[in-house]
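Derivation of every value follows stated rules applied to the coordinates shown; laboratory data play no part. Note that the structure is a prediction, hence the values are computed from the model and not measured.
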Amino acid sequence: MPANEKRKFSIPLPAEKQLEIGNKLADINIEIEKKLDLKRTLPKNIESLQEYAAELGHKLKDGTESQEVDCFWVVDDPKPGLASLYRYDNSEKVDERAMNLFDVEDEQPEAGTPQEVLELEPHTDYEVVSDVEDNNATE
């Protein structure tokens, strides 16, 4: 008598089993997309983190960081034809250049001589003033 054996045949799946398999397939496809997206963005994220770490390292090494500081120009300083740029917070001279047409045309506020301007108390509380009229203002 011949021996028994098993063979695979296609057997129709019940609706419940098809739904279960469909849900598993959808979950796997979502997971694949997440991993592919991570694979695409990971190099950019790593590069960004490396740049940030380098920036922090420089700050730590130098003990300083770059910040914008309000400054003001003084014309004809230190001599006629030159303009000097000073920091408001500590009155340090940070730049000097030859005056240009705009320096001559601009009306400079009467604040005294450059030396008197530099002797003003440093301040950090600035008020923003706009020269633009508010056309929406109600009277």
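Side notes on the structure shown:
- Straightening the chain between Tyr52 and Cys71 buys 4.0 nm, computed as 0.36 nm per residue apart minus the Cα-Cα spacing.
- Gain in span if fully extended, Asp37 to Asn23, counting 0.36 nm per residue against the direct Cα distance: 2.9 nm
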